[in-house]
Protein chains: 2
Amino acid sequence: MFESAEIGSKVDKKTYSERVPELRANLLAEQRRLATAPLSVVVLIGGLEGAGKGEVVNLMLEWMDARGIETHAISSATDEERARPSMWRFWRMLPARGHLGVLLGSWYTRPIIDRVFGRSSQTEFDIELDRMLDLERMLAKENMLLIKLWLHIGEKTQGKRLEKLEKDPQQRWRVTKLDWRYFKNYKKFRRVSEHALQRTSIGESPWHVIEAADVRHRNLAAASIVLESLRARLDQIEAEPPSRPEPDLPEPKPVNILRSLDLTHKLDDATADRRLLKYQADVARLSRRLANAERSLVLVFEGPDAAGKGGAIRRVTRAVDARGFQVVPISAPTDEESARPYLWRFWRHIPGHGRVTIFDRSWYGRVLVERVEGFASDEDWRRAYAEINSFEQQLTGFGIIVIKFWLWISPEEQHRRFQDRQATPYKQYKITEDDWRNRKKWDAYEAAACEMIERTSSEASPWVMVEADDKNWARVKVLGTVARTLAKELDR
Amino acid sequence: MFESAEIGSKVDKKTYSERVPELRANLLAEQRRLATAPLSVVVLIGGLEGAGKGEVVNLMLEWMDARGIETHAISSATDEERARPSMWRFWRMLPARGHLGVLLGSWYTRPIIDRVFGRSSQTEFDIELDRMLDLERMLAKENMLLIKLWLHIGEKTQGKRLEKLEKDPQQRWRVTKLDWRYFKNYKKFRRVSEHALQRTSIGESPWHVIEAADVRHRNLAAASIVLESLRARLDQIEAEPPSRPEPDLPEPKPVNILRSLDLTHKLDDATADRRLLKYQADVARLSRRLANAERSLVLVFEGPDAAGKGGAIRRVTRAVDARGFQVVPISAPTDEESARPYLWRFWRHIPGHGRVTIFDRSWYGRVLVERVEGFASDEDWRRAYAEINSFEQQLTGFGIIVIKFWLWISPEEQHRRFQDRQATPYKQYKITEDDWRNRKKWDAYEAAACEMIERTSSEASPWVMVEADDKNWARVKVLGTVARTLAKELDR
């Protein structure tokens, strides 16, 4: 892959000064087009020290309108970032629709270094690369254009550049001992980077290797690639007819996991209170150990209206120190949220060490209500299963304990609860016309839920089925599960 | 202030269980009212260790709807927080309209501890307290209700509580060596806290001292205060007629600072290029020293349309390493921004050590366009001067270098530039109907600018007047000022 970037491409001064004005005008024109398009752009700039990554960023900011371009240099993570899965810091950098972000370095930086110095095996490295592919495919579907540039220089050129930088009093600060150590491993870096680039060059976001020995050639190549990629994607968006999602109203199978639940389970008040008290004591004790264990806890509550999510959540929060938890109710996204890829609004609430986040409804909305109501296109909710699994694997892989509760009631019980809400003055706010309307889609919702449970239950983050016609039973089961899971995870 | 919280108030079990259900129902009702009101609420909970701050937070979350209540325990700052002025971490915690936030500890915590241990003088302490008053007055005006609770216990009670906690294996973790050290200084803490509370009890946000020795009394008192404060403020909002701001169209004085500028200043291209190159080299060299010096740089660009802000900004960014800066264009706020106090959207972009943020228009919009167009009420833009001064003092006090550029052109020059924009295809996007319309308010805008410059120039963050009819002159002046200021600040 790198051979073709070692052929000695050069651009003379005259050609350069002839081509630059047009390139700049075109870049500006495409940036203006981007401003109102349903698209955001991230330019990743990779390559060795001395290849000129910083110069290319400076160039882009100079040739385009720097206003609204966000640049992020990937250096060591802050402590807020280290307390969360490695991709969290990149998610928080994603630009909003109409904007352009430039990453100097990227999610590839650390894995490549780790592999070069043998801190990860080839298999671990490949697994990480494949995860990035998944991420990039998703970003592409979520209307984010990734332009991946790799600035390549040969071993001799790198050596010369580092020496030259060291001699220049104004540039010396840029060359560290680490850079020389990396330089000594040039061949390894080359091999590992080439492997990474080959494995992660896909149609949606191919790598562009740029021969960076000649500065003028490097500049023109980088700017042209950004221009062409941006233009092609914007043309494509204009040509695409705006999609009008159709509601997907599947029929439930006559025998399914939800119908197999025994909704007659009941607990009398005295038994329930006794058990709740015990479990609350367990949860209180165990949740305090999260911080020292550098773990955190994510609870997800899903289920139809009036299934008792709020009540169950209150039984959990009663047990957890208020300093440490956050309940995040998921309803309509804010405009900052809807201007970014779907999972962004959930990533931003992922807790750091020692903390608990409780999602009252969650990322599963996409394969439940958004599918049934036709808010998400067929393609969007179909790919969501894999994206959600990958998201949760990142959480659990980092040591976050994820428990997902599915609270299920019979349509008859829901009807009773709706009527009760309407009859009780202080509960009336909980019931709206929408709720009655949603009941008509009960079957489709049930079928969507069955498919969701089947496709997103994993060993690390299984769905816990909660029979919820009896509130006592449901609350005891929820709290008991939290207590047992914490014990299992923290005692091992 | 504390004597009245040492009178032995107690609530018996029966009274407690009689009063709780009504309190809870009322709290929930007010929280629902809050959800759609133009108001956000922050409950500050202060007091010594062992007074039951955490229990009161737990209580609030249990008695109210925990969904959407954000709780923040003020412990040690993260490194992202330490790299910014001390109030930054509190600004990022401010809840959006309709929401309630609970702070365990607050902006009072650190100053009180510093004073107790003699790390600050009485005068420094009082200055800090007065700043907090300013902040709280502003938050009140920006439709944020602050409910400040102080849980008070006597010395004996604290000693007993700490001992009891230490004996309980499940609570022992909560008592640290530091707590005992604080306990030994009980009398000092009492004196310093009492002083702080007295000085910062104002009409908009008085302190409520709660006798916290008896748990039932403490709970009822805390919940009642929250309920009553919330209800009173919501009633008041309902009673207030919605304000309809009138545009403020002042006449400029015949002799003023803007008219005294010599707009005939000119530089030929060769001289300008030579100076720009020199200053850019200076800025490039100096800006790299910001990180080591633990300083950062904020540049503000204001001035009428077509005054050349964009071009001047580009001359600066060309000199600064792209890794280190961000250009933030200020136009309409996002909904997350408009749901919070005005300055929130600027605070969120304040740079950490070593970084540069360039604001293309800024917080001065409130006293310029918002005043002239009538977007801000008379009262709002009038109080903005003091708020802005306080904001900038916090930045400069922390070591952030703040330079504010006022680019000024004659109306004739603006007219020429507008016509040029309309005639040049790639510049047409820069000019809209609004721009022509705004020209009609030139006089009012000029008068507003004069008042702004007069009221917000300070030694630490002066306005730099830039005669901008000649672009060369303007750009050289901007870059030269940045270079000289950096040299002065970093070499001292």
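Data for the structure
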| item | result |
| --- | --- |
| Position B:D168, label points 7 Å along Cα→Cβ, spacing to each other copy in nm (shortest first, one decimal) | 6.4 |
| Burial order of peptide ranges B:465-471, B:291-297 (average beta-carbon count within 10 Å, highest first) | B:465-471, B:291-297 |
| Computed over the stretch B:128-195, Kirkwood Rh from alpha-carbon pairs, angstrom | 14.6 Å |
| Folded to 0 to 90 degrees: helix B:471-491 orientation relative to chain B principal axis, Cα | 40 degrees |
| Value of Rg/Rh across the stretch B:3-239 [Cα atoms, Kirkwood radius] | 0.95 |
| On Cα atoms only, tilt of A:13-35 relative to the major axis of chain A in degrees | 20 degrees |
| Structure-based [θ]222 nm, the protein assembly as shown - -39500 (n - 2.57) summed over DSSP H runs of at least 4, per residue, nearest 500 | -15500 deg cm²/dmol |
| Separation between Cα centres of the stretch A:26-46 and the stretch A:1-23, rounded to whole Å | 22 Å |
| Average partner coverage of A:313-322, which counts Cβ from other chains inside 10 Å | 5 |
| Amide N proximity, the stretch A:388-414 versus A:E124 label position 7 Å along Cα-to-Cβ, cut-off under 19 Å | A:393-400 |
| Cα Rg over Rh - the stretch A:269-491, Kirkwood | 0.95 |
| As computed over chain B, the Cα convex hull volume per residue (Å³) | 175 Å³ |
| Rounded to 10°, Cα long-axis angle of helix A:215-239 versus longest principal axis of chain A | 40 degrees |
| D_trans [Stokes-Einstein, Kirkwood Rh over alpha-carbon pairs] for the stretch B:47-95, 10 °C, 1.306 mPa s, µm² s⁻¹ | 124 µm²/s |
| Efficiency of FRET from Cβ geometry, B:D443 and B:E412, R₀ 22 Å, rounded to 0.05 | 0.95 |
| Net charge, B:K278 excluded, C-beta distance under 12 Å - Lys, Arg +1, Asp, Glu -1 | +2 |
| Inter-centroid distance (Cα atoms) of the stretch B:249-318 relative to the stretch A:213-255, Å | 39 Å |
| Inter-site label distance for A:S243 and A:R289 at 7 Å from Cα along Cβ, in nm | 4.6 nm |
| Pairs beyond 18 Å (Cα-Cα), from B:K148/B:K184; A:K309/A:K404; B:K309/B:K430; A:K10/A:K187; A:K309/A:K427; A:K266/A:K441 | B:K148/B:K184; A:K10/A:K187; A:K266/A:K441 |
| Whole-Å semi-axes of the stretch A:72-208's equivalent ellipsoid (Cα gyration tensor) | 27, 19, 16 |
| Stokes-Einstein D (µm²/s) once Rh is taken as the Kirkwood radius of the stretch A:359-450 over alpha-carbon pairs, at 25 °C in 0.890 mPa s | 160 µm²/s |
| Inter-chain Cβ neighbour average for residues A:79-85, partner chain, 10 Å | 2 |
| Reach of A:K13 by Cα under 26 Å, taken over lysines that are not fewer than 8 positions away in the same chain | A:K53, A:K156, A:K160, A:K164, A:K167, B:K278 |
| Fraction of alpha-carbon pairs over 55 Å apart in the protein assembly as shown - percent | 20 percent |
| Sequence-distant residues sharing a close amide H with B:I147 (under 5 Å, placed H) | B:V42, B:V43, B:L44 |
| Calculated from backbone phi, Karplus (6.51, -1.76, 1.60) coupling profile of the stretch A:281-287 in Hz, x at Gly/Pro | 4, 4, 5, 4, 5, 6, 5 |
| Share of Cα-Cα pairs in the stretch B:23-137 lying beyond 24 Å, as whole percent | 34 percent |
| Other protein chain Cβ atoms within 10 Å, averaged over every residue that makes up B:326-335 | 4 |
| Computed E for B:K184/B:I7 - FRET, C-beta separation, R0 35 angstrom, nearest 0.05 | 0.85 |
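Quick note: the coordinates plus some simple rules give every number you see, no bench work behind them. Just so it is clear, the structure is predicted and the values come from calculations on it, not from any experiment. A quick note on method: Cβ atoms are made from the backbone with ideal geometry, for glycine too, and the neighbour counts reach across all protein chains shown.
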